[in-house]
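Data first, discussion second: the structure below is written as structure tokens.
What follows draws every value from the coordinates through simple rules; no lab data is involved. Model, not experiment: these values are computed from the prediction. Don't worry about glycine lacking a Cβ; one is built from the backbone with ideal geometry, like all the others, and counts go over all protein chains shown.
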Amino acid sequence: QVQLVESGGGLVQAGDSLRLSCAASGRTVSDYWMAWFRQALGKEREIVAAISRSGITTNYADSVNGRFTISRDNAKNAVYLQMNSLKPEDTAVYYCAADRTFRDLLSRAPDYWGQGTQVTVSS
């Protein structure tokens, strides 16, 4: 079992940067792929970035590739999302998620979810 708590969201202007954190607890956290999802008002939840158990492999949605960076620190049971060059269309609730496989993350049915943190980007 894994518990996830996100933090770091807020209100910023277009072009600004923001760093989200996900604090994880539970057993064998390093056995899980981790990901960030987001859900904008009135839209479907989408995966933004994912990171492998080792942290070596990362995957990004086309919309954020080159602007966002996902990372993890297994020693601290933490996952991060560095967001640069933010755009108004990045406005959403961002969720941390964990699952055993990348496939399950892509299915939008991960085993564990955080409560979400709001990111709002103004023009």
Along principal axes, Cα extents of region 10-112, largest first, whole Å | 38, 26, 21
Calculate the radius of gyration of the Cα atoms of region 80-123 to one decimal place, then report Dmax, the largest Cα-Cα distance, as a whole number, both in Å.
-> 12.6, 38
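Say a site is exposed when it is one of the trypsin sites (Lys or Arg not before Pro), sits in a DSSP loop, and has at most 11 other Cβ atoms within 10 Å; what is then the longest site-free stretch of the chain? Show your work: numbers first, answer last.
Details: sites that count: Arg27, Lys43.
In the chain, the maximal stretch lacking such sites is 44-123.
Would you mind calculating the relative contact order of the chain from Cα pairs under 8 angstrom and at least 6 residues apart, reporting the percent as a whole number?
36 percent.
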With the charge dipole of the chain built from beta-carbon charges (+1 for Lys and Arg, -1 for Asp and Glu) about the Cα centre, the Cα from Trp36, Ile56, Gln115 projecting farthest to the positive end belongs to Ile56
